[in-house]
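Enquirer: My questions will all concern the structure given below.
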Amino acid sequence: MPETALNTATGINSAELSFEDFKKIVIADYRIGYESRQAALLGRREVLTGKAKFGIFGDGKEVAQLAMARAFKNGDWRAGYYRDQTFMFATGMSNLKEFFAQLYAHPDIEKDPASGGRQMNCHYATRFIDADGNWTNQVDTKNCSADMSTTGGHMPRLLGLAYASKLYRQNKELEYLKQFSVSGNEVAFGTIGNGATSEGLFFETFNAAGVLQVPMAISVWDDAYAISVPAKLQTTKEDISEVLKGFQRDSKGNGYEIFKVRGWDYVALCETYERAIKLCREEHVPVLIHVVEMTQPQGHSTSGSHERYKSKDRLAWEEEHDCLVQMRKWMIQSAIITTEEIEVLEGEAKKHVRNSQREAWAELEEEIKAEITGVLQLIDNVAQPSQHRDELQKLMSGLQTCIDPGRKDTVGTVRKVLRLIVKEPSDARNALVNWLAAENDKNKERYNSKLFSNTPKSPLYVPVIAPQYADDAKVMDGREVLNACFDANFERDKSIVAFGEDVGAIGDVNQGFAGLQGKYGDLRITDTGIREATIIGQGMGLAMRGLRPIAEIQYLDYLMYAITVLSDDLSSLAYRTAGGQRAPVIVRTRGHRLEGIWHSGSPLGLILGALRGMHICVPRDMTQAAGMYNTLLRGDEPALVIECLNGYRLKEKLPANVGEFTVPLGKAEVLKEGKDITVVSYGSTLRVVMEAAPELEKLGINIEVIDPQTLYPFDTDNVCGASLQKTNKLLVVDEDLPGGGSAYILQKILEAQNGYYLLDAQPKTLSAAEHRPPYGSDGDYFSKPSVDDVIEKVYQMMNEANPGKYPALF
Ligand SMILES: Cc1ncc(C[n+]2csc(CCOP(=O)(O)OP(=O)(O)O)c2C)c(N)n1
Ligand SMILES: [Mg+2]
């Protein structure tokens, strides 16, 4: 191939480039690819010899990633999966030492900035918030949203990252947010395996990006397998770009530009990426780059070998079409490098990788060894005078000779020692106890911190502002209070956007946004397709790029269709990056009883289990909901707000400061004081309880009613526990299934708040029946807690405590 053809084909600006310069660039690329391969080979060995627990690597995918990295610019974003180590090295977003530090689970963000040792290897992320909660400048850096292990799980987030560019380009009001975008010129790069394209999240994302016309570039790394399952069992026609051809844009309308290229052809790859990304960046056309004929030299991961399921022919083909083998051959044939030179390069690269691995291991090992030395001295101090000296010495030598020890070995040994000498108090034992306490604190920080971002900008620190009411405050439908709250916030903060099904033109199905699209435009208040998972992903991408999304899920029952994204991605983001990333998405929905099986759901048990890492707000009315939105929109953590479906038309008073007052998170409110029984409830059942209260008064029972307002965090001032000091009796009422949200509340009050010690009767729960709520008023009455149910339940508890005073009803 003539030199000029090479230059043009690689997308490397040939105009000012000599052949020498061009050679240098290609050689530098090969070096990165080769080092990456060596890291994969060595990484696997580290797992097999026991230094690391699991390995999954990007071997066989190197060359395409070198080409992709060429097209990736400052300000761009990646949402990808565990095969992308070469891309990460080539863009400088990661390096060899960090690669090994993560493989060894080094819990220090200086060593593994992606996850602080929390994620398996090759799970990447760049850090974009500082310790004070400030955003870093995303325009001058290359950006990587945090990987997950779930294949395809990152697709919805990718949509949001690309959608942010569209908003930054089209909404001129956002120009003041200079650290996030330059006129929306940033591309969101996604990667996904061929197998994972079988997943619904892929198709939902793909369609949505075509509708939205956002600068999203999806690369499919196609190695014809998904672990052992071959393409013919994964993909129609065994070819994802073939079946997606209907998305190809044409003269009739918008769509995608679709590219297909072989994973071992460096020249074609560079050319394809240059063309594809230019179009994507400049014209905001989404692109698919289907990279075929990729290989997996070491098989899927360290948990198995591919010889089990690949034929001899396939294995031989893979060896020959190994992308680095092909690139090497091409470089030599094209006189870019000689055989001797490339051998020298490879020798150096191997050494460099080995040194990086050794350094990464030594850094972790030294820390732990130093801890062991200190602990052994402390144990020795208790061992000398101990009756259990022999056993203690055994424990010491066990720790001393432990191969590749970890912190569980030091801490575990000390805990055993303290049990052995439980009856031997001494200063030396105290020293050991103190050591353990200090170490527990450190390990808590290492392994248990950052479920939330916990920065000074947390919504927990938003100042509390009480609602103010004018003497002639208007009384209006609850939905109108919300509408006024949203209006004030949209006016105040130009970065707020809201979107979801029917949110735009009609202002949501209950009209909380009525009239606001007309006022603020359809870039800020926007209709979406029926695609719950990507509505959340859209919110995540925007929130990561400095915008303030309210992502609406039409009914709580449809949250299930987004639960994977909410649970795996949004809720785990702060934790899995050890506080390096955040996405303060506010998920707005409405739930609890209304009508029928899929419009009356209240699955709080499920939500509390799945969404730890989000604030869970359960306002009893629209004024409280408004106060919560005011709080959340001023904080920097994700939250779910569940409005009461049957409350939009109930009358409420409009606070004069409807866009300013705040409802603090985790602060329970006593709605009615009483002395006989504490009744804790939330959401729609609170009205039921409040209706039951005067009826109970007639029966001589005075209940105290408490609204925790948020389930996570739950009553951080122990208001519920304190109430039990007075009543000594506890009833929890909700409309989840038995053992769902109410069981969570019991655990909080009885165990976390020590309420158990204050009870003089068995604590009870009153929940919905354990089936779905049937349609119709009778179905509701016989399945969800009614006023009659509450009265009888409370009465029964009083009857049990004092049958003389409260004779049995039935
Ligand atoms: C949601 C989900 N389902 C299943 C898995 C288990 N799993 C991990 S990797 C993998 C195969 C992925 O194949 P492909 O998408 O082709 O990517 P490749 O590993 O071949 O690059 C599977 C099934 C997972 N991690 N996440
Ligand atoms: Mg595959």
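The values are calculated or read from the model by the stated rules, or taken from the named source; none is laboratory data. Note that this is a predicted model, so its numbers are computed, not measured. Every residue, glycine as well, gets a Cβ built from its backbone with ideal geometry; the counts of neighbours run over all protein chains shown.
Enquirer: What single numbered condition from (1) touching a residue at least 12 places away in the same chain (Cβ under 8 Å); (2) of a type outside the set (Phe, Trp, Tyr); (3) farther than 30 Å from GLU110 by Cβ; (4) assigned to a helix (DSSP H, G or I) fails to hold for SER397?
Expert: Among (1) touching a residue at least 12 places away in the same chain (Cβ under 8 Å); (2) of a type outside the set (Phe, Trp, Tyr); (3) farther than 30 Å from GLU110 by Cβ; (4) assigned to a helix (DSSP H, G or I), SER397 violates only (1).
Enquirer: Yes or no: region 555-564 includes at least one residue that is more than 16 Å from LEU640 (Cβ to Cβ), outside the structural domain of GLU735 (by the TED database), in a loop (DSSP other than H, G, I, E, B) and touching a residue at least 60 places away in the same chain (Cβ under 8 Å).
Expert: no
Enquirer: If I go through region 436-481 residue by residue, how many of them are in contact with a helix residue (DSSP H, G or I) (Cβ under 7 Å, 6 or more places away or on another chain), in a helix (DSSP H, G or I) and more than 27 Å from LEU516 (Cα to Cα)?
Expert: So the answer is 3.
Enquirer: Only residues in region 293-310 that are in contact (Cβ under 8 Å) with a residue 40 or more places away in the chain and at positive phi count as the first member; pair them with residues that are part of a loop (DSSP other than H, G, I, E, B) and more than 12 Å from ligand 1 (Cβ to nearest atom), Cβ under 9 angstrom, at least 6 apart or cross-chain, and list the lot.
Expert: GLU293/TRP264; GLU293/ASP265; GLU293/HIS321
Enquirer: Moving on. Counting only residues that are free of Cβ contacts under 8 Å to residues at least 40 places away in the same chain and assigned to a helix (DSSP H, G or I), which one in region 482-506 is farthest from VAL663 (Cα to Cα)?
Expert: PHE490
Enquirer: Also, quick follow-up: Which of the residues that make up region 240-259 are within 26 Å of TRP330 (Cβ to Cβ) and either within 16 Å of ligand 2 (Cβ to nearest atom) or surrounded by fewer than 16 Cβ atoms within 10 Å (Cβ to Cβ) (or both)?
Expert: Matches in region 240-259: SER241 only.
Enquirer: Here's a follow-up. For region 695-745, how many residues are at positive phi and over 31 Å from the mean Cα position of the chain (by Cα)?
Expert: 2
Enquirer: Inside region 184-208, can you point out the residues that are near ligand 1 (Cβ under 8 Å from one of its atoms) and outside any helix (DSSP H, G or I)?
Expert: ILE192, GLY193, ASN194, GLU199
Enquirer: Could you check ALA64 against (1) away from ligand 2 (no atom under 16 Å from the Cβ); (2) farther than 23 Å from GLY347 by Cβ and say which number it fails?
Expert: It is condition (1) that ALA64 fails.
Enquirer: Sticking with this structure for a sec: Six or more apart or on different chains, Cβ atoms under 6 Å: show the pairs whose first residue is in region 75-89 and without any contact (Cβ under 8 Å) to a residue 60 or more places away in the chain and whose second is assigned to a loop (DSSP other than H, G, I, E, B) and away from ligand 2 (no atom under 13 Å from the Cβ).
Expert: Taking only residues 6 or more apart or on different chains, the pairs are GLN85/CYS122; MET88/SER94; MET88/TYR124.
Enquirer: Conditions first: (1) touching a strand residue (DSSP E or B) at 6+ places or on another chain (Cβ under 7 Å); (2) modelled with pLDDT under 95. HIS599 passes all but one, so which condition is the exception?
Expert: (1) is the only condition that HIS599 fails.
Enquirer: Let me confirm something: among ALA105, ALA52, ALA67, which residue is assigned to a helix (DSSP H, G or I) and of a type in the set (A, V, I, L, M)?
Expert: It is ALA67.
Enquirer: Just need a number here: residues in region 209-239 that are buried (at least 20 other Cβ atoms within 10 Å of the Cβ) and more than 10 Å from ligand 1 (Cβ to nearest atom).
Expert: Final tally of qualifying residues: 9.
Enquirer: While we're here: Name the single residue that is surrounded by the most Cβ atoms within 10 Å (Cβ to Cβ) among those in region 734-780 being without any contact (Cβ under 8 Å) to a residue 60 or more places away in the chain and hydrophobic (A, V, I, L, M, F, W, C).
Expert: LEU766
Enquirer: With assigned to a strand (DSSP E or B) and over 25 Å from ASN185 (Cβ atoms) as the only criterion, which of LYS232, LYS260, LYS310 stands out?
Expert: One residue alone meets the criteria, LYS260.
Enquirer: I've got another one for you. Conditions: (1) closer than 20 Å to PHE72 by Cα; (2) more than 16 Å from ligand 1 (Cβ to nearest atom). MET155 meets all but one. Number of the miss?
Expert: That leaves (2) as the condition not met.
Enquirer: If you check LEU167, LEU159, which single one turns out to be over 30 Å from GLU62 (Cβ atoms) and either of a type in the set (A, V, I, L, M, F, W, C) or away from ligand 2 (no atom under 13 Å from the Cβ) (or both)?
Expert: Sole residue among the options that is over 30 Å from GLU62 (Cβ atoms) and either of a type in the set (A, V, I, L, M, F, W, C) or away from ligand 2 (no atom under 13 Å from the Cβ) (or both): LEU167.
Enquirer: If you don't mind, there's one more thing I want to ask. Taking region 108-129, which residues are hydrophobic (A, V, I, L, M, F, W, C) and in a loop (DSSP other than H, G, I, E, B)?
Expert: ILE109, ALA114, MET120, CYS122, ALA125, PHE128
Enquirer: Same structure again: Taking region 337-371 as the search range and keeping residues that are assigned to a helix (DSSP H, G or I) and among the polar types (S, T, N, Q), which one is farthest from the chain's Cα centre (by Cα)?
Expert: THR339
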